[in-house]
Amino acid sequence: MGGSERTKDGVGIVVSGAEKVIQQANPWDALGHQAVEDFILLFDQRAFVAAAQVAAAAKTQVSRENRKREFSVLEQLAKAFDTWDRFDHQASRAEFNRVEKAANDLRAVLGSTKTDRVLDGVARFTKHLGQLCDASPPSRHHVMDLLTNAQRRKEESRIDDAVARLYRAIEAAAQVALKELHEIGSTEKVPLNRVPASLQSEWESKAKDGVVALGLQDAYALLASLNDPWGEKFREAGFNDTKSPLTARNRSILAHGFDRVSERIFDKLWTTALALADIKEADLPSFLALDNKRSSDK
């Protein structure tokens, strides 16, 4: 607020009745660079919730519509990875689709080089998530997703979380083999008459209404009794004895005990999980980084 006339020879206060509104540019429209830098730093640390919050806050500060759209697409990008990390694959796929549609706004805020890398990654991630969402579980895509999630938890030094995901990936690999190679669609309800005689008598006592529910060990035991090579791989990995790394997982605070799982246990389970799932580490999708120096996406 200014005025066309002031007291004290023009240096005092505005004379009543001479007030005038002075329009000024919002400095945030031009000076939102720090928010972008903060977003990139948090994003590359995989602090996706915090990154999305930075973008959302900046969006409320700017007044120009183009700047609002720029921070909006950053927010969508962070949300895409956050929802994926929380296994909400449908929501992640939808957010990635929004990012692709706002490519021009992304290019305006990140520049051409970063944006080209992001969009290349988004196209691959969208394909992976599409396969995952369209597949009937359990599937190879679900196993891959569990493995990549475990890998990210390991990189964050959250070893107990990582091992919990590896355990599920190893179990899922058995479920996929039973489904795809032996037409046993669910380990929750396995018809006892589909179980070889060598196991029928052992499992008869826990069967109900002619079906039996199988845990990880039993699923691989069934594969072995069906002369499936995955059952033999499980046995060769030493998962049937008391020194199995699965025992250390069971003692984890996230399973049935109060022990902390070591990186050595993770490494053993990681190598075995890849072998049991017949997946190469290089084939796993990894999250991208916006700073090219930290980028390891593939």
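Listing for the model above:
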item	result
The lone exception for MET144 - which of (1) touching a His at 6+ places or on another chain (Cβ under 9 Å); (2) surrounded by 21 or more Cβ atoms within 10 Å (Cβ to Cβ); (3) hydrophobic (A, V, I, L, M, F, W, C) it fails	(2)
Filter result for ARG194 (surrounded by 15 or more Cβ atoms within 10 Å (Cβ to Cβ) and within 22 Å of THR272 (Cβ to Cβ))	no
Residue among LEU222, LEU214 that alone is over 28 Å from ARG153 (Cβ atoms) and either surrounded by 20 or more Cβ atoms within 10 Å (Cβ to Cβ) or assigned by TED's automatic domain parsing to the domain that holds TYR167 (or both)	LEU222
Flag if GLN200 is part of a helix (DSSP H, G or I), in contact (Cβ under 8 Å) with a residue 12 or more places away in the chain, surrounded by fewer than 17 Cβ atoms within 10 Å (Cβ to Cβ) and not small (Gly, Ala, Ser)	no
Test: residue in the range 126-149 that is under 30 Å from ALA47 (Cα atoms), part of a helix (DSSP H, G or I) and more than 17 Å from the chain's Cα centre (by Cα)	yes
Check on GLU188, assigned by TED's automatic domain parsing to the domain that holds LEU222, surrounded by fewer than 19 Cβ atoms within 10 Å (Cβ to Cβ) and not in a helix (DSSP H, G or I)	yes
Selection status of ALA221, without any contact (Cβ under 8 Å) to a residue 40 or more places away in the chain, small (Gly, Ala, Ser) and in contact with a helix residue (DSSP H, G or I) (Cβ under 7 Å, 6 or more places away or on another chain)	yes
Checking ALA91 against (1) surrounded by 20 or more Cβ atoms within 10 Å (Cβ to Cβ); (2) of a type in the set (Gly, Ala, Ser); (3) under 22 Å from ALA52 (Cα atoms), the condition it does not meet	(1)
Given (1) assigned by TED's automatic domain parsing to the domain that holds ASP278; (2) under 30 Å from GLU37 (Cβ atoms), number of the condition ALA169 does not satisfy	(2)
One residue from LEU166, LEU129, LEU110 being under 20 Å from LEU276 (Cα atoms) and surrounded by 18 or more Cβ atoms within 10 Å (Cβ to Cβ)	LEU166
Extreme residue, nearest to GLU180 (Cα to Cα), among residues of the range 237-279 that are modelled with pLDDT under 85 and in a helix (DSSP H, G or I)	LEU246
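The values are calculated or read from the model by the stated rules, or taken from the named source; none is laboratory data. Note that the structure is a prediction, hence the values are computed from the model and not measured. Counting neighbours? That spans all protein chains shown, and the Cβs are built from the backbone with ideal geometry, glycine included.
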